[in-house]
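Q: Can you keep this structure in mind? I'll have questions shortly.
Every read-out reported here was derived from the displayed coordinates using simple, explicitly stated rules and does not represent laboratory data. Just so it is clear, the model here is predicted, and its values are computed rather than measured. Note that we place each Cβ from the backbone using ideal geometry, even for glycine, and neighbour counts take in every protein chain shown.
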Amino acid sequence: MFLGLDSSTQSLTAVLIDPAMGEIMVQLSVNFGADLPQYLSPSGFIPGGEKGEVHANPMMWLDALDLLFGRLSHLTDLSKVKLIAGSGQQHGSVYLDGSFDARIAALDPGQSLVSQISPALTRATSPIWMDTSTGAECAEITAALGGSGEVCHRSGSIAIERFSGPQIRRFYKSDPAAYARTARIHLVSSFIASILAGKSVPIDFGDGAGMNLLNLSRQIWDTELLVATAPELCAKLLPPALTTTIEGSVSAYFVEKYGFSSECQTALFTGDNPASLVGMGATTPGNVVISLGTSDTFFAAMPGPKTDPRGYGHVFGNPAGGYMSLICFRNGSLAREALRDKLGLDWAAFDREGLASTLGQAGENLMLPFFGAEITPRHDFTGPVMKGSPEFESGSNPALQARALLEGQFLNMRLHSEWMEVKTERIRLTGGASKNDGIAQLVADIFQAPIERLDVSNSAALGAALIAATAGGHDLPALQEVFCKAAPGSTLLPDPALAAAYQKALGGFKSLLAASV
Ligand code: XUL
């Protein structure tokens with residue numbers, strides 16, 4: 001059996017798979033807020049941060065690990081686990097002194113992880129991906145490199161507030177003495193992987209690319225970016241490595257305490273988005289995952305390290321080899337809900353029947369579907385911009401606005417993923433709104449690609465389990481055939497009759513955007 005762990009913002013999840021049976025044997029989560037209330041982090045982070053700071057207590061992640069393994073060991077025989085891999089929320093960073101490596105090499109199973117590891121922290125809390133406090137540091141790194149284009153070309157993204165490099169710089173500037181005491185900087189992923197392995201292990205290419213520090217095409221830390229970020233930084237990071245690298249046996253702490261076999265191996269951990277790409281069965285170019293949530297995200301495999309010339313998209317390493325894009329759209333469900341409420345509609349207006357009443361006007365009315373600040377494209381919108389028939393613009397026929405909002409969201413996605421130059425052959429739709437057949441059909445029609453929906457609920461943890469099995473010698477495409485199947489009856493085909501209308505609408509959308517920002 002192979003174990004995948006995912007340490008996400010709100011929970012730590014385990015997925016245990018048996019490739020021979022083709023089955024998920026156990027899925028279990030520890031919820032940080034509900035299960036570890038002593039950390040006062042109901043949503044997985046410390047509330048009330050100032051100036052855009054969003055931090056979490058890294059010891060909470062370790063208590064969650066002890067709790068999860070304790071519960072798992074009652075459910076299943078962990079001695080059957082051959083290999084463990086995992087993923088973590090991207091960008092979060094953990095700061096440790098020179099005692100960390102010795103501490104994790106000699107963990108006493110009679111004590112908790114937290115009691116043994118917490119003395120090694122040089123920074124009590126970890127900035128996580130929701131943190132937006134590093135605007136000044138992003139500007140400084142960008143200036144040192146000679147502009148955003150250069151940072152993007154090297155690292156796969158322009159300097160981004162939540163990315164680990166700018167966060168490291170902010171720590172160095174605000175507490176240089178603690179920074180100097182820091183011997184190791186880990187990501188959430190490599191921190192947990194190190195504890196399992198009983199030694200500091202590298203950051204993988206998937207998660208490492210979310211730091212503004214990795215040279216994407218050379219797959220090594222980028223000297224100029226390191227220098228622009230903070231002094232002596234290279235010495236605090238191990239050289240990055242492939243996700244499927246096996247690091248050795250699991251630490252004796254886990255063998256003695258939870259019954260893992262001393263032969264159980266550990267692989268590197270990656271970011272939750274690269275792991276989701278694996279768990280959604282989308283690691284080969286041509287496959288796209290669109291996740292519909294509070295924000296919408298678009299991610300897809302890419303063969304080469306191409307970057308977004310406009311700097312909106314990010315490029316990470318693909319655990320299966322090659323690269324992947326990640327593009328976030330802030331106005332996701334938030335915008336769908338805002339329009340629903342504004343027009344007094346219910347969700348039926350956004351479903352198959354509601355949308356059928358306006359099918360004749362597909363692509364005819366245009367909406368820039370932004371109810372507030374957007375990051376793709378980056379602009380402080382104050383409300384949607386509309387261009388079309390009077391009954392559309394006035395809202396006298398609300399169904400037209402429901403259609404145009406959804407069309408606008410997916411035309412915007414199509415427009416802002418063109419830089420990848422990878423033809424979309426299949427889209428796997430996930431997240432809350434993906435169950436809506438009306439929305440799913442509209443996505444199929446706009447991208448002119450079939451839509452599939454999977455029965456997968458923990459795609460990052462499943463992806464991690466598949467990475468573990470792959471590192472253990474199994475064939476990833478064969479595993480994905482079994483574990484990442486489309487749910488029966490979930491596939492929708494595009495209507496070729498709408499291709500021309502949406503091609504024209506894409507041009508109109510682009511012009512309207514150019515005129516509005
Ligand atoms: C990606 C990002 C989030 C985190 C948390 O850039 O910030 O998706 O990985 O899930």
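Q: Suppose we take every Cα in region 88-198 and form the convex hull; what volume per residue is that in Å³?
A: Hull volume over Cα atoms, normalised by residue count, gives 105 Å³.
Q: What ranking, highest mean first, results for peptides 109-117, 196-204, 29-37 when packing means the other Cβ atoms within 10 Å averaged over each residue?
A: Result, highest mean first: 196-204, 29-37, 109-117.
Q: According to the Cα gyration tensor, what semi-axes, each the square root of 5 times an eigenvalue, does the equivalent ellipsoid of region 95-135 have, listed from largest to smallest in whole Å?
A: Gyration-tensor ellipsoid for region 95-135: 27, 11, 7 Å.
Q: Sticking with this one: Below 12 angstrom from the Cβ of Asp272, what's the summed charge of the other residues (Lys, Arg +1; Asp, Glu -1)? Let's see the in-between values first.
A: Values: positive: none; negative: Asp6, Asp207.
Result for the local shell: -2.
Q: Mind pulling the angle between the C-alpha long axis of helix 164-174 and the longest principal axis of the chain? Nearest 10 degrees, somewhere in 0 to 90.
A: The two axes meet at around 60 degrees.
Q: So, counting K/R as plus one and D/E as minus one, what does the shell of residues with Cβ under 12 Å around Tyr258 add up to? Write down the numbers at each step before the final one.
A: On the way: positive: Arg71, Lys257; negative: Asp66, Asp77, Glu256.
Here the charged neighbours net out to -1.
Q: Per residue of region 331-339, in order, report the coupling 6.51 cos²θ - 1.76 cosθ + 1.60 (Karplus, θ = phi - 60°) as ³J(HN,Hα) in whole Hz, putting x for Gly and Pro.
A: 7, x, 4, 4, 6, 4, 5, 4, 5
Q: Next question. With both bridge residues required to lie in the chain, what share of the DSSP beta bridges run antiparallel, to the nearest 5%? Can you show the working numbers first?
A: On the way: 49 of 69 bridges.
Given both bridge residues lie in the chain, the antiparallel proportion sits at roughly 70 percent.
Q: So if R0 is 22 Å, what FRET efficiency would Ser99 and Ser262 give, r being the distance between their Cβ atoms, rounded to the nearest 0.05?
A: Taking R0 as 22 Å, the efficiency between Ser99 and Ser262 is 0.30.
Q: Separation of region 345-408 and region 141-162 by C-alpha centroid, Å?
A: Taking the Cα centre of each part, region 345-408 and region 141-162 sit 34 Å apart.
Q: What does the extension gain come out to for Ala515 and Thr132, with contour length at 0.36 nm per residue minus their alpha carbon separation?
A: My answer for the length gained is 135.0 nm.
Q: Mind pulling the angle between the C-alpha long axis of helix 398-415 and the longest principal axis of the chain? Nearest 10 degrees, somewhere in 0 to 90.
A: Around 50 degrees separate the two axes.
Q: Treating the angle as unsigned and between 0 and 90°, give the value, to the nearest 10°, between the Cα long axis of helix 499-516 and the longest Cα principal axis of the chain.
A: The angle comes out at about 80 degrees.
Q: When only Cα pairs under 8 Å and 6 or more residues apart are kept, what is the percent relative contact order across the chain? Show your work: numbers first, answer last.
A: Numbers: 1200 pairs, mean separation 81.3, N = 517.
It comes to 16 percent, rounded to a whole number.
Q: Now, a different point. What is the fewest-to-most order of Val255, Val278 by other Cβ atoms lying within 10 Å of their Cβ? If you can, show how the numbers build up before the last one.
A: Working: Val255 18, Val278 34.
Ascending number of Cβ neighbours within 10 Å: Val255, Val278.
Q: Moving on to the next point. Sort Glu50, Glu407 by Cβ crowding within 10 Å, fewest neighbours at the top.
A: Ranked by crowding around the Cβ, least crowded first: Glu50, Glu407.
Q: What spacing in nm lies between the two simple spin-label points modelled at Asp77 and Leu359, each 7 Å away from Cα in the Cβ direction?
A: Roughly 5.6 nm, to one decimal.
Q: Modelling each spin label as a point 7 Å along the Cα-to-Cβ direction, I'd like the Ala252/Ala235 distance in nm, to one decimal.
A: Between Ala252 and Ala235, the simple spin-label model gives 3.1 nm.
Q: Pairs of Cα atoms under 8 Å, at least six residues apart: use those to get the relative contact order of region 41-145, whole percent. List each step's numbers first, then the result.
A: On the way: 92 pairs, mean separation 42.8, N = 105.
Over region 41-145, the number comes to 41 percent.
Q: Would you mind giving the average projected area, over all directions, of the Cα convex hull of the chain in nm² with one decimal?
A: With the hull built on Cα positions only, its mean projection is 22.7 nm².
Q: Got the relative contact order for region 81-215 handy, in percent, Cα pairs under 8 Å and 6 or more residues apart?
A: Across region 81-215, relative contact order equals 37 percent.
Q: Grab the other residues whose beta carbon is less than 12 angstrom from that of Gln503, score K and R as +1, D and E as -1, and report the net.
A: Charge balance in the 12 Å sphere: +2.
Q: Which ordering of Thr491, Thr125, Thr470 is given by a fewest-first count of other beta-carbon atoms within 10 Å?
A: Placing the least packed residue first, the sequence is Thr491, Thr125, Thr470.
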